[in-house]
1. Is it the case that segment 245-255 has a residue that's over 24 Å from residue 465 (Cβ atoms), open to solvent by less than 50 Å² (accessible area, probe 1.4 Å), among the small types (Gly, Ala, Ser) and not assigned by TED's automatic domain parsing to the domain that holds residue 499?
2. Quick check on my filter: what residues within segment 325-374 are crowded, with 24+ Cβ neighbours inside 10 Å, over 26 Å from residue 158 (Cβ atoms) and more than 12 Å from the ligand (Cβ to nearest atom)?
3. Which of the residues belonging to segment 262-272 are within 16 Å of the ligand (Cβ to nearest atom) and assigned to a strand (DSSP E or B)?
4. Restricting the search to segment 590-627, which residues are in a loop (DSSP other than H, G, I, E, B), under 22 Å from residue 151 (Cβ atoms) and modelled with pLDDT under 80?
5. Out of all the residues in segment 68-87, which are open to solvent by less than 70 Å² (accessible area, probe 1.4 Å) and aliphatic (A, V, I, L, M)?
6. Would a scan of segment 212-228 turn up a residue that is on the phi < 0 side of the Ramachandran plot, without any contact (Cβ under 8 Å) to a residue 60 or more places away in the chain and surrounded by fewer than 21 Cβ atoms within 10 Å (Cβ to Cβ)?
7. Considering (1) within 17 Å of residue 352 (Cβ to Cβ); (2) away from the ligand (no atom under 15 Å from the Cβ), say which one residue 305 fails and leave the rest.
8. Listed residues 71, 50; which is touching a strand residue (DSSP E or B) at 6+ places or on another chain (Cβ under 7 Å), of a type outside the set (Ser, Thr, Tyr) and more than 22 Å from residue 185 (Cα to Cα)?
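The values are calculated or read from the model by the stated rules, or taken from the named source; none is laboratory data. What you are looking at is a predicted structure, and each value in this text was computed from that prediction instead of being measured. Neighbour counts are summed over all protein chains in view; Cβ atoms, including those assigned to glycine, are modelled from backbone coordinates with ideal geometry. Side chains included, ligands, DNA and RNA excluded: accessible areas come from the protein's heavy atoms. Shrake-Rupley method; radii C 1.70, N 1.55, O 1.52, S 1.80 Å.
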Amino acid sequence: MAGFYAVHHGPDGLEAIARRLLSLRAALVAGLEALALPVLSGQGFDTVWLPLPPDQAEVLVAAALAAGFNLHQAEDGVGISLDELSSAEELERLLRALAGCAGPWHELGNSPPAGRAMPLRQQPWLRQSVFHRYRSETELLRYIQRLSAKDLSLVHGMIPLGSCTMKLNAAAELAPVSWPAFSQLHPFAPAEQAAGYQLLAADLERWLALITGFAGVSLQPNAGSQGEYAGLLAIRAWHRSQGDAHRTVCLIPTSAHGTNPASAVMAGLQVVAVACDEAGNIDLADLEAKAAAHAEQLAALMVTYPSTHGVFEPAIRRICELVHARGGQVYLDGANLNAQVGLCKPGLYGADVCHLNLHKTFCIPHGGGGPGVGPIAVASHLLPFLPGAPGQAGGVGPVAAAPLGSASILAISWMYIRMMGGAGLRQASQVALLAANLLAERLEPHFPVLYRGAGGRVAHECILDLRPLKRSCGLEVDDLAKRLMDYGFHAPTVSWPVAGTVMVEPTESESLAELDRFCAAMVAIRQEAAALEAGSADPLNNPLKRAPHTLAAVTADHWDRPYTRQQAAFPAGEDQRQAKFWPAVARIDNAYGDRNLVCTCPSMEELAGQELAEQELAQVVPAATVH
Ligand SMILES: *Cc1c(COP(=O)(O)O)cnc(C)c1O
């Protein structure tokens, strides 16, 4: 949104906004000074600062509030900020309100010189064509649509990304986000103006505590990873309160999500890896040995349940007991809560703290890394160590800039839980488990399922092993991932947590028909691989290795591949033609791209050339006409 804001306005539009803001601010400064209010000197852009003692600040803020304005009151004064929605008429109303209580400040006398305007930048900026092309709403709309057409999203088909829980983000859940009552409230609006948000947050905290079996919840963390960080800070603070500041070792199984060790290091902990056994579970003997070896320093174990291997770890209670016996706390990574809601509760099988990803289990959209919410739920002994409000002293302090983190999207999860109800949430977990097991059973004859739980079942996702196919015909996970686009599917999670495998998570949102379609595509791809195994297809020039197929390639006058255009573009057959997704580019070498960054801005040489041209222009054209 911020990017499109700049694209739409371009440098001249942004400069016009800035100029208007500067003149509004100058008018405000002049008005405040005419009232003999003290204004902090120096350059400013959109904010005016009035250094006032607290009692006088209070009078001023109250007078503004009575006229419908929230001013920023801090220990050392009052701040007034303007933006492009501010108007001269508003300034006049504000100044009139403040004039009513201007009297006492005349005594402060020698008010410093007025704040001067911040100079605007002189050098040309935002020169790229994208900042000059889309000035009408129609043009911008089409540009956005063209970009979104390059994305394979949930509007095309199932996104079976394991560990990401790409479920439906229902329209009814999303609707409140755009209501002004939610979208136009400042995160630091006075509490009495935010009663609705407080109710929403209180409901959610209560519901999430019920769902997880914990005593309390903080909604502040903006992502699962930030929840991990906040949860580990709580654990550290608790250890400190017990006189155990030296407990700084964090045990993490090798199957953990990469955010776990990263968060542990951020929280000042030292990571010790714990092995997994053949069945994908935590190696209990290794856990016992590591916990014993580090018993004096043990701070915590981070464990994911069900594990990232897609199975319910049967020894979870024993694991928690083992860590507690050595004085450590158990951090449960709850990213896989979609397998548990309404069925089991982390608080009941021994964890001390866990995070939830509202942008996975509780329906907040998270394609493209948009804003997330990673609340933490804690047992009662950790309640005093939940993240505090920004600016508040003591405790572990805040982990986000706003008291409720990404507050405006909490409404999505509130709607989800409220509309589903307890029975609906439990059914969602059951259907998610059922769908994953359906895929595991259907696909097992074609792609072996790597890990299964004690009862022979998987959890809400499963890992399909492609390594045998790599050995038999050179098929790589990337080949399957790219070919799925031709069948109209997003790739599953590739090579994580086990290299050479894919992890598939259907969620409860997919219909049986869509699951059937996915299985059919996977089986068809397996048959394409069989042609490679049999030697009847070229090992490099075949539909798998050359997937995905673009419109340009398929419609080119020249076609020199040993398979047909129909096979390339419509492998699922006549009646599935509409499913074909047309990617913007064909196969790219991901690893090469990751290591060889290309800057798409104009090169320094080009920029230097442009500046030179402008200098030359300035010599022949009168300066006033050069911008
Ligand atoms: C997604 C995920 C995380 C990280 O959550 P973010 O919200 O992406 O920071 C951590 N652990 C597991 C198992 C996950 O799937």
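1. No, segment 245-255 has no match at all.
2. 328, 329, 330, 346, 351, 352, 353
3. 271
4. 598, 600
5. Once the filter is applied, which keeps residues that are open to solvent by less than 70 Å² (accessible area, probe 1.4 Å) and aliphatic (A, V, I, L, M), segment 68-87 yields 71, 74, 78, 80, 82.
6. No: zero hits.
7. (2)
8. Sole residue among the options that is touching a strand residue (DSSP E or B) at 6+ places or on another chain (Cβ under 7 Å), of a type outside the set (Ser, Thr, Tyr) and more than 22 Å from residue 185 (Cα to Cα): 50.
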